[in-house]
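Nothing in this text is a laboratory measurement; each read-out follows from the coordinates by a stated rule. It should be emphasised that the depicted structure is a prediction, and the values quoted were computed from it without experimental measurement. With ideal geometry, Cβ positions are generated from the backbone for all residues, glycine too; neighbour counts draw on all protein chains shown.
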Amino acid sequence: MTPSPLRSGPPVLTQPRARSGRVSPEPHDGPGRSRWRPLRRSPFAAAGILGLLLLLLIGCGTGSTPFPGAEWDRWGSPEAGGLSSEGLIPVEERLQGMSTSAMMVVTGGRVAFEYGDLEEVSYLASVRKSILAMLYGIYWDREIIDLDLTLAQLDIDDHGELTGSEREARTRDVIASRSGIFHPASNSGDDLDSAPDRGSVAPGEYYLYSNWDFNAAGTIFEVQSGVDIFNALEMELAIPLRFQDFERERHEKGGNPDRSIHPSYHMHLSTRDMARVGYLALRQGRWGDHRIISEEWMEKMTRPTTPVHEMNPERRRDGPHGYGYMWWVWDGEAATGPYRGAYTGVGAVGQYITVLPELDMVVAHKTVPGEDRRVEHTQFFQLLDDVVEAYCGESC
C-alpha cells in the first residue's frame, strides 16, 4: 500500500501530550489512535508571540552580555574583539582565493570581522537540519514533542511501507540519524549510497547521515507540534531574534515526492541572520532576558549522540566530528583547546554556522550557489583554523 502524498502538510495530532517523566503514552492511548485534522498553529503559539513582542519592547541586553538589536554592534577594532589584525591577514588572503560570498565572526556578542555581502539571502542546504533541531528544542521544552514516540505511534510511513521493525524507530533515533531506515530520500546529498541492507540493523544501533531521517524529522516535527516548519521558523526564531532579512514567502517544501513522501524544507537566510542563530546557540538558548530554548535541550542537542569512533561510513571516523541532534560536534582528540565543546551546522556548497564556546565566538559563512561557486568542507575548516589562530583574546 502506497501512502497518499502530502498536500499542505502531514497530519497532526489533535492535542499536545504532556510527557510526565518523559514516558511515552501506553499503546492504547497513543497518537496512532488519535483523530487527525489539517495542519494548524500550536495553541501555545499566540501566548508565545505575546511574550516575544514584549521582548522586542524591552530590548535585548542583559547584564554585561550584549545581544544584537535591530543591528549588530561592532567592535572598534579587531583587537577590541579579541582578534589580531596581523593574524587576520591570512584569513583575508584565503578568503580572496575561495568562492566565499560572505563571512561574519562574532566575539563577545559583537562583530569582530566581516567579509562580503552579509545581507544577501540564499539557501542554507543542510544547515536547515541544525535549525530544525533548535525548533525541536522549543517544542520539547513546552512538553509538546515527545522524543520517545515511535513512527508507528505517529503513523509515519512511506512508499512501499516501512517494516514493523523500522516503525519502532523513536523520534530521538530519527533526529540523531540513527533510525536504521535506509529508504530512498526525496532529495540527494547524503550517505545513503553507503547504507547497509534494509532490515540489517535495529533502530538506534547505527548512525548514517541520511536525508530520509532528516526529512522525516521535518514531518515528525509538524505531526507532533501541529505547526508548519516555516511558520515555526518565523514565529520562534525570526521574530524574537529580530532577523534583519527574513522573507517567509521564500520558504517552501521540495524534493521528489515519487521517491519519498517526506519533503525537504530548505531555509533561506542571510549571513548576518545565520550569525543570530549561532549566537542564540552560543548563549545556550538565551536571548537577552528571554529564555527561548532550555539549557537542557542545548546540551542534549550539541553532545555527540554518535561519537566520532562510531561514525559511518568508516571514512568519517578519520574526521574531527561526531554527531548530535542534527549538529556536527567536535569529538575525541579534536575536541580540545579552542574546539572543546564546539559544534557546527554544515551545508553543501559552503554554508556553515559554527559555535566555539571556548572563544566566545560564532562564525557564519555563506557561499551563494551558482556560477560554479563552491567551498569544500576542507577549505572551510582550514579557514576556521586561520580564524582561531588569529584569536588573541584579552592579550591582544
Checklist entry - segment 99-214: D in µm²/s via Stokes-Einstein (Kirkwood Rh, Cα pairs, 37 °C, 0.692 mPa s)? => result 199
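For the pair Glu394 and Ser85, what calculated FRET efficiency results from E = 1/(1 + (r/R0)^6), where r is the Cβ-Cβ distance and R0 = 22 Å, to the nearest 0.05?
My answer for the efficiency is 0.90.
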Checklist entry - Between Rg and the Kirkwood Rh of segment 207-349, both from Cα atoms, what is the Rg to Rh ratio? => result 0.97
Checklist entry - Taking a quarter of the surface of the convex hull around the Cα atoms of segment 277-354, what do you get in nm²? => result 5.7
Next on the checklist: 7 Å from Cα along Cα→Cβ at both Glu234 and Asp117: what's the point-to-point distance in nm?
Outcome noted: 2.4
Checklist entry - Once fully extended, how much extra length lies between Arg315 and Glu93, figured as 0.36 nm per residue of separation less the alpha-carbon to alpha-carbon distance? => result 76.9 nm
Item to check | Euclidean distance of C-alpha centroids, segment 246-273 and segment 60-121, integer Å | outcome: 27
Item to check | Quarter of the Cα convex hull surface for segment 89-395, i.e. its orientation-mean projected area (nm²) | outcome: 15.4
Checklist entry - Under 23 Å Cα-Cα from Lys253, which lysines qualify once same-chain neighbours fewer than 8 residues away are excluded? => result Lys129, Lys366
Checklist outcome for this item: Listing Lys129, Lys300, Lys366 by rising number of other beta-carbon atoms within 10 angstrom, fewest first, gives Lys300, Lys129, Lys366
